[in-house]
Amino acid sequence: MATTASTLTLRIVSPENIILDQEVQSVQVPGEDGMFGVLPRHATMVALTDSGPLRAKTNSGETIEFIIHDGFAEVKNNVVTILSRSAEKLTEIDLERAKEAADRARAHMKLHADHVDRARAIAALRRALMRERLGRRSS
């Protein structure tokens, strides 16, 4: 996708597919150390992303919002590539599925004292609760 000097290409990629490939004006990304913004002509960088809301402003002025989970962001030559475990539009979050995932993670935490399993369950619970919270906000 060609960009002009005043736009960026935003690509959100999961292990399964390319979720978004769109020209935008700006992007806000949940980084490991907090939110960071990217505008056209941003310096080249790579950063760890955290689970949270990703927001982008399209060329028509619309705001699009996704929830992304743990991954990487690369900014290079006016292209922002987000490599994420998963991503979905906030408006498409299935609240019942998010609630069920949170309940499963809580149950798993009660059953497993092992640090590895517990850490995975805590991470799963955190992702599910974030999906639930952001899904409620967007509905």
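Could you state the accessible area per residue of the chain in Å², with a 1.4 Å probe and every protein chain left in place?
57 Å²
Where the only charges are on Cβ atoms (+1 Lys, Arg; -1 Asp, Glu), what is the dipole of the chain about its Cα centre, to the nearest 20 debye?
Using Cβ point charges on Lys, Arg, Asp and Glu, the chain gives about 320 debye.
Relative contact order for the chain using alpha-carbon pairs under 8 Å, separation at least 6, rounded to a whole percent?
Here the relative contact order equals 20 percent.
Return the lysines within reach of Lys99: Cα separation strictly under 25 angstrom, same-chain partners fewer than 8 residues apart disregarded; answer none if there are no such residues.
Qualifying lysines at Cα under 25 Å: Lys89, Lys110.
Report, to the nearest 10°, how far helix 95-111 tilts away from the longest principal axis of the Cα atoms in the chain, using its own Cα long axis and a range of 0 to 90°.
Rounded to the nearest ten degrees, it is 50.
For the range 40-127, with all protein chains present and a 1.4 Å probe, just round the carbon and sulfur fraction of the accessible area to a whole percent.
Of the solvent-accessible surface of the range 40-127, carbon and sulfur hold 52 percent.
Between Met35 and Arg85, what's the calculated FRET efficiency when r is the beta-carbon distance and R0 is 22 Å? Round to 0.05.
Step by step, r from the Cβ atoms, then E = 0.75.
At 222 nm, what helix-only mean residue ellipticity would the chain give, in deg cm²/dmol to the nearest 500, using -39500 (n - 2.57) for each DSSP H run of four or more?
-10000 deg cm²/dmol
For the chain, take the longest principal axis of its alpha carbons; what is the angle in degrees between that and the long axis of helix 115-138, to the nearest 10 within 0 to 90?
Rounded to the nearest ten degrees, it is 60.
The values are calculated or read from the model by the stated rules, or taken from the named source; none is laboratory data. If you're wondering where the values come from, they're calculated on a predicted model, not measured in any experiment. Every residue, glycine among them, receives a Cβ derived from its backbone with ideal geometry; neighbour counts consider all protein chains shown. We work out accessible area using only protein heavy atoms, side chains counted, and drop any ligands, DNA or RNA first. Shrake-Rupley method; radii C 1.70, N 1.55, O 1.52, S 1.80 Å.
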